[in-house]
């Protein structure tokens, strides 16, 4: 008893050959297409303005002092608790005595950047901190300052981000005539 819907040997062979030809055509098109590989170390990649990468500490541009006042708000808001800060009180102002960041456990949620009152911690446009040893991803204050000086800051960090979230101010057009 034969199945009335079964195809013959020749029709199944033709269908198989057609599938192989379609697959080979796709392979040939991809073989001659220009590759889209970016050769990273030789040719740096450009990132959008709002790209958020590594965390860094900043200095005040006018005075040259570090911006971190050791308030520990970033430590309290950090979900995985990877930031540790000790405050040093002086007569003029407060400083962060120690500032450590465990980058290997950081979620890059940017909450620490948003809560910082002095814009001391920012996100940069760099991601390049690969290493084979996790201990190298335990960043201290000096290393975070070096990252901040070495890389460009991301666009939407700190006060700029808070200003974007505030309601727009009313525009006053002319006074009474």
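The values are calculated or read from the model by the stated rules, or taken from the named source; none is laboratory data. None of these values were measured; they are calculated from a predicted model. Cβ: placed from backbone, ideal geometry, glycine included. Neighbour counts: every protein chain shown.
Report the residue count in segment 101-139 for those that are over 26 Å from residue 41 (Cβ atoms), part of a helix (DSSP H, G or I) and within 17 Å of the chain's Cα centre (by Cα). Show your work before the answer.
First pass over segment 101-139, keeping only residues over 26 Å from residue 41 (Cβ atoms): 102, 105, 107, 109-121.
From what's left, part of a helix (DSSP H, G or I): 105, 111-115.
Among the residues that remain, those that are also within 17 Å of the chain's Cα centre (by Cα) are: 105, 111-114.
Of the residues in that region, 5 qualify.
If you check residue 45 against the conditions, is it modelled with pLDDT under 90 and at negative phi?
Yes.
How do the pairs read when you match residues in segment 115-132 that are at negative phi and in contact (Cβ under 8 Å) with a residue 60 or more places away in the chain with residues anywhere that are outside any loop (DSSP other than H, G, I, E, B) and exposed (fewer than 15 other Cβ atoms within 10 Å of the Cβ), using Cβ under 8 Å and keeping only pairs 6 or more apart or on different chains?
126/150
Test residue 68 against the criterion of being within 23 Å of residue 116 (Cα to Cα) and in contact (Cβ under 8 Å) with a residue 40 or more places away in the chain, and give yes or no. Full working, then the answer.
On the way: within 23 Å of residue 116 (Cα to Cα): yes; in contact (Cβ under 8 Å) with a residue 40 or more places away in the chain: yes.
In short, yes.
Taking segment 124-160, which residues are in contact with a helix residue (DSSP H, G or I) (Cβ under 6 Å, 6 or more places away or on another chain) and within 12 Å of residue 53 (Cα to Cα)?
Residue satisfying the conditions is 157 alone.
Limited to segment 71-100, what total is found for residues that are within 24 Å of the chain's Cα centre (by Cα), assigned to a loop (DSSP other than H, G, I, E, B) and in contact (Cβ under 8 Å) with a residue 24 or more places away in the chain?
Final tally of qualifying residues: 4.
Consider residue 16 carefully, then state whether it is at pLDDT 90 or above, part of a helix (DSSP H, G or I) and loosely packed, with under 12 Cβ neighbours inside 10 Å. First the steps, then the outcome.
Numbers: at pLDDT 90 or above: yes; part of a helix (DSSP H, G or I): yes; loosely packed, with under 12 Cβ neighbours inside 10 Å: yes.
Yes; evaluated as a whole, the condition is true for this residue.
Which residue is modelled with the lowest pLDDT, if the candidates are limited to segment 57-70 and must be part of a strand (DSSP E or B) and surrounded by 16 or more Cβ atoms within 10 Å (Cβ to Cβ)?
Taking segment 57-70 as the starting set, the residues that turn out to be part of a strand (DSSP E or B) are 57, 59, 66.
Filter once more, keeping what is surrounded by 16 or more Cβ atoms within 10 Å (Cβ to Cβ): 57, 66.
Values: 57: 93, 66: 90.
Once the filter is applied, the top-ranked residue is 66.
Of all residues in segment 42-56, how many are part of a loop (DSSP other than H, G, I, E, B) and surrounded by 15 or more Cβ atoms within 10 Å (Cβ to Cβ)?
4
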